[in-house]
1. Show me the strands (runs of 3 or more DSSP E) found entirely inside the stretch 127-227 where at least 2 residues are touching a helix residue (DSSP H, G or I) at 6+ places or on another chain (Cβ under 7 Å).
2. Filter the stretch 43-67 down to residues that are free of Cβ contacts under 8 Å to residues at least 24 places away in the same chain, under 29 Å from the mean Cα position of the chain (by Cα) and not in a strand (DSSP E or B), then give me how many there are.
3. When Ser339 is evaluated against the numbered criteria (1) farther than 14 Å from Tyr383 by Cβ; (2) surrounded by fewer than 18 Cβ atoms within 10 Å (Cβ to Cβ), which criterion, by number, is the only one it fails?
4. Which one of these does Ile316 not meet: (1) surrounded by 19 or more Cβ atoms within 10 Å (Cβ to Cβ); (2) more than 22 Å from the chain's Cα centre (by Cα)?
5. Select, from Glu354, Glu371, the only residue that is assigned to a strand (DSSP E or B), at pLDDT below 95 and on the phi < 0 side of the Ramachandran plot.
6. So which pairs qualify, if the first residue must be in the stretch 94-117 and within 21 Å of Ala400 (Cβ to Cβ), the second must be modelled with pLDDT of 95 or more and among the hydroxyl-bearing types (Ser, Thr, Tyr), the Cβ gap must be under 8 Å, and the two must be at least 6 apart or on different chains?
7. Which of the residues belonging to the stretch 1-30 are part of a strand (DSSP E or B) and either farther than 16 Å from Arg73 by Cα or touching an Asp or Glu at 6+ places or on another chain (Cβ under 7 Å) (or both)?
Amino acid sequence: MKLGINGLGRIGKLSLWHHVSRRYFSEVVVNLGRDVGSGLEDIAAAIEKDSTYGRLAVYLHGHKGGRVIEDLREDTGTMVVNGVPVTILRQARNPKDIKWQQNGVRLVVDTTGVFKDPTSDADDPKGSLRGHLQAGAEKVILSAPFKIKAKGIDMPADAVTTVMGINDDDYDPSRHSVLSAASCTTTCLSYMMKPLIDHFGGNRLLSASMVTVHAATGSQQVLDRLPGAGAMDLRKNRSILNNIILTTTGAAKALALVIPEMKSIGFIAESVRVPTSTGSLIVLVLNLQDDLESPVGRALINSIYRDYATTSPYLIYSEEQNVSSDIIGFPKAAAVIESTETHTRTASIRVNLERVKSCNFEPGQAPPILEVPVTQAVIYGWYDNELGSYTNMLGDLTVAVAEKLV
């Protein structure tokens with residue numbers, strides 16, 4: 001089976017690395033939709049070298065690795081990468097015009113980050129995720145969360161959001177043709193929340209909030225520049241080399257698609273961008289209803305993650321003292337729990353029932369004060385937002401979808 005990859009940005013390029021290493025697919029067809037540099041040699045150089053992860057040969061074979069990109073043919077746009085034939089398409093940018101059918105591609109991973117609306121028509125002149133289906137693909141995987149532009153429109157019946165190991169069973173090959181692999185942050189967060197929900201149940205979790213301390217992304221500026229006309233967030237135009245920048249994340253909304261219990265839990269998600277190339281951190285704070293006689297403590301929280309990690313290949317329980325660079329390239333680790341920094345505190349929350357709408361009191365009657373024991377827990381989870389966590393798990397999802405194609 002052949003795999004199609006649309007785009008060769010951070011996730012597209014690293015997905016190619018993943019699949020030429022894994023060698024599940026007989027061939028990979030990469031669509032760029034434009035000329036690059038002076039030709040195929042420059043494309044090969046961009047594939048071969050990476051400022052974050054080093055050279056592809058070292059990634060594949062260690063320090064003894066030699067040149068792994070061979071047989072470049074400009075006339076056909078082909079090369080061989082680690083023994084896997086790779087075809088580079090440079091003609092079409094609109095998905096409906098990409099020659100997937102002519103190249104025998106049935107499964108496409110769209111990594112451009114441009115086509116995120118699953119309701120957009122295949123013939124949209126600006127391009128659409130569904131254009132890949134019109135061009136001959138049978139299944140399309142988006143390497144980002146879905147984003148429906150029009151208000152009041154439901155998710156299409158043939159679209160589904162999945163995180164490997166959490167809800168990938170939701171994918172029905174007879175019904176779903178468009179999939180979202182969520183985001184790197186949602187992936188990490190799902191592995192921080194799911195063990196707790198499985199243990200305590202969603203009813204005991206009163207509220208939760210998270211902040212992701214996130215590495216820089218390609219949408220940020222190297223140096224300060226003027227914002228475009230009508231821009232509302234001026235921070236996006238400031239230099240990521242010199243600043244900690246507040247921004248937003250769609251992790252809370254996407255998480256509810258992956259873990260339905262989150263819909264009943266008050267949840268807030270925020271993001272802070274920092275000047276590192278990869279390696280990110282989620283700080284999760286949650287409040288759960290507790291028992292003063294035997295309150296939830298750090299040992300119990302850590303044991304929940306430690307036990308879950310023995311059954312899941314995507315959760316790592318660490319008793320080391322890590323920094324962000326330690327996580328870079330960590331294979332398939334959706335989340336690395338920093339157990340040394342887990343903290344809990346239990347106290348009684350005093351609730352004035354006069355402020356509770358469902359409680360009625362006689363005139364002059366003093367409303368009682370309700371004391372509720374609540375434990376607040378702070379949990380840290382590392383993730384490599386590029387290759388180590390997200391791209392490797394995206395690769396697993398891609399193979400899982402391919403195996404169900406008949």
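The values are calculated or read from the model by the stated rules, or taken from the named source; none is laboratory data. Remember, predicted model here, so these are calculated numbers, not experimental data. Here the Cβ is made from the backbone with ideal geometry for all residues, glycine too, and neighbour counts use every protein chain on show.
1. Filter on the stretch 127-227 gives 139-142, 159-161, 205-215.
2. Narrowing the stretch 43-67 to residues free of Cβ contacts under 8 Å to residues at least 24 places away in the same chain: 45, 48-49, 54-55, 57-58, 61-67.
This time we only want the ones that are under 29 Å from the mean Cα position of the chain (by Cα), so: 45, 48-49, 54-55, 57-58, 61-62.
Next cut, not in a strand (DSSP E or B) only: 45, 48, 57-58, 61-62.
Going through the stretch 43-67 one residue at a time, the tally reaches 6.
3. All conditions are met except number (2).
4. That leaves (2) as the condition not met.
5. Numbers: Glu354 fails: assigned to a strand (DSSP E or B).
Answer to the check: Glu371.
6. Leu107/Thr398; Val109/Ser15; Val109/Ser143; Val109/Thr398; Asp110/Ser143; Thr111/Ser15; Thr111/Ser143
7. Here is the first cut: in the stretch 1-30, the residues part of a strand (DSSP E or B) are 2-6, 27-30.
Those that are part of a strand (DSSP E or B) and either farther than 16 Å from Arg73 by Cα or touching an Asp or Glu at 6+ places or on another chain (Cβ under 7 Å) (or both): Lys2, Leu3, Gly4, Ile5, Asn6.
Okay, residues lined up against (1) under 20 Å from Asn287 (Cα atoms); (2) touching a strand residue (DSSP E or B) at 6+ places or on another chain (Cβ under 8 Å); (3) in the same structural domain as Ser26 (by TED's automatic domain parsing):
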residue	(1), (2), (3)
Leu300	yes, no, no
Ile327	no, yes, no
Ile349	yes, yes, no
Arg355	no, no, no
Ile379	yes, yes, no
Gly395	no, no, no
Thr398	no, yes, no
